[in-house]
Each structure stands twice: as structure tokens, then as C-alpha cells.
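Asker: Quick one: this structure, given as C-alpha cells, is what I'll be asking you about.
The values are calculated or read from the model by the stated rules, or taken from the named source; none is laboratory data. Please read these numbers as outputs of a predicted model, since none were measured by experiment. FYI the Cβ positions are ideal-geometry reconstructions off the backbone, even for glycines, and counts take in every protein chain you see. Areas reflect the complete protein model, heavy atoms only, side chains present, ligands, DNA and RNA absent. Shrake-Rupley method; radii C 1.70, N 1.55, O 1.52, S 1.80 Å.
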Amino acid sequence: MLRGEKVGLRARHDEDVPILRTELYDDVVNSSRAESGPWRPIAPGSKDPRLVADDTAEGHVPFSVVELDGGTLVGTATLWGIDNHHRSAHIGLGMLPTSRGKGYGTDVVAVLCHYGFVVRGLQRLQIETLADNVAMLRSAERNGFVREGVLRSSAWVMGEFLDEVVLGLLARDWKPEPKA
């Protein structure tokens, strides 16, 4: 398990799947805002890659996010679009509704940075998020990500076009939190 200050990132367990389906993916608005396509239901037992980890997918590493104090599932995190030639990847995360506003997102981004830069040896990490996703923007910027641009009206979400912000962080600019 990869450990942060508050959370750990571990492999997806079978018992995580029904919770993530119900709490994240069955929420039409949340799922529509988080995905790059329209919401669609996920059937029980589905092998949908948003829920069930495929250990053979080289460019996609999904994690379940758990509280260090007690091991409760609090969300999901992913390093995706991993490009070993250019040594880059994208970060994604989703916190369960009851776990939002507790600083977990900032910690998840920090742990994903450690995984990307230290474990995987990547040069660049990137985040794309909706311009009104204040929590994600704050989590990214607290970890050193820089706003690199705005993609105007690039996301179709629940009947309207929304702007997306692109943030990037280079390995040379990353400042990991010192471990106590």
C-alpha cells in the first residue's frame, strides 16, 4: 500500500466494487462531471474498467483509497494514460460523498505524485478538471501543479458546455512532503 498523511492507496478489492458503483458511478451528476463521456448505468457484476481493475492494462493503474486510521474505503484514484516513451501520465480521483471536504483529495494527489515520479520514474503528471471543480483545483495546486491552460467549452456535462482546466507538474518542480 502507498501511504500518505491521511490515506492509503491500495489495489481494488472485490468488496470495494459495490460501494464505488453505488456511491460514485450510480450518481448521474457526479459521474457525468467526472467522466469524459455520457453517464451510463453499470450493471451488477459488470467488468467495467472504472470498477474492476485489469492488472494487464499497462497504461492504467487504478487504486482504492482508504483511510489510514481504520481502513475505510473513501474513494478511488487512478494514474491513467501512462506513456512510457514520453514518461508522462494523467491523474484522476473520486471521493465518496461522505469523504469530501476532509483533505483526502490533497493527500491522494500527493501519493499519486510519489507513485508517478518515484515508483514509475515519470517526468510529467497532468490533471484535467472542470473549471468549477474548486476542490480538485485546490488539491492540485497545493501539490505544486501549475495551471497551464483553459479548454473553453470543451466538456458537455448535463446539458451544457463547461470549461476545463489543464494543470501540469514536472518531476523537477515536485516538492514531496518530508516524512516525519
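Asker: For the subset of the stretch 116-171 comprising residues that are aromatic (Phe, Trp, Tyr) and open to solvent by less than 30 Å² (accessible area, probe 1.4 Å), which member is farthest from Asn84 (Cα to Cα)?
Answerer: Phe145
Residues checked against (1) in contact with a Ser or Thr (Cβ under 8 Å, 6 or more places away or on another chain); (2) open to solvent by 70 Å² or more (accessible area, probe 1.4 Å); (3) of a type outside the set (D, E, K, R); (4) modelled with pLDDT of 90 or more:
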residue: Ser31; (1), (2), (3), (4): no, no, yes, no
residue: Pro44; (1), (2), (3), (4): no, yes, yes, no
residue: Asp48; (1), (2), (3), (4): no, no, no, no
residue: Ala53; (1), (2), (3), (4): no, no, yes, no
residue: Gly59; (1), (2), (3), (4): no, no, yes, yes
residue: Ser64; (1), (2), (3), (4): yes, no, yes, yes
residue: Leu73; (1), (2), (3), (4): yes, no, yes, yes
residue: Thr76; (1), (2), (3), (4): yes, no, yes, yes
residue: Asn84; (1), (2), (3), (4): no, yes, yes, yes
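Asker: Just to be sure, is Leu20 touching a strand residue (DSSP E or B) at 6+ places or on another chain (Cβ under 7 Å), closer than 18 Å to Leu96 by Cα and surrounded by 11 or more Cβ atoms within 10 Å (Cβ to Cβ)?
Answerer: Values: touching a strand residue (DSSP E or B) at 6+ places or on another chain (Cβ under 7 Å): yes; closer than 18 Å to Leu96 by Cα: yes; surrounded by 11 or more Cβ atoms within 10 Å (Cβ to Cβ): yes.
Spelling it out, Leu20 is indeed touching a strand residue (DSSP E or B) at 6+ places or on another chain (Cβ under 7 Å), closer than 18 Å to Leu96 by Cα and surrounded by 11 or more Cβ atoms within 10 Å (Cβ to Cβ).
Asker: Looking at Val146, Val118, Val108, can you tell me which residue is more than 14 Å from the chain's Cα centre (by Cα) and within 18 Å of Phe63 (Cβ to Cβ)? Let's see the steps before the verdict.
Answerer: Working: Val146 fails: within 18 Å of Phe63 (Cβ to Cβ); Val108 fails: more than 14 Å from the chain's Cα centre (by Cα).
Just one listed residue meets the conditions, Val118.
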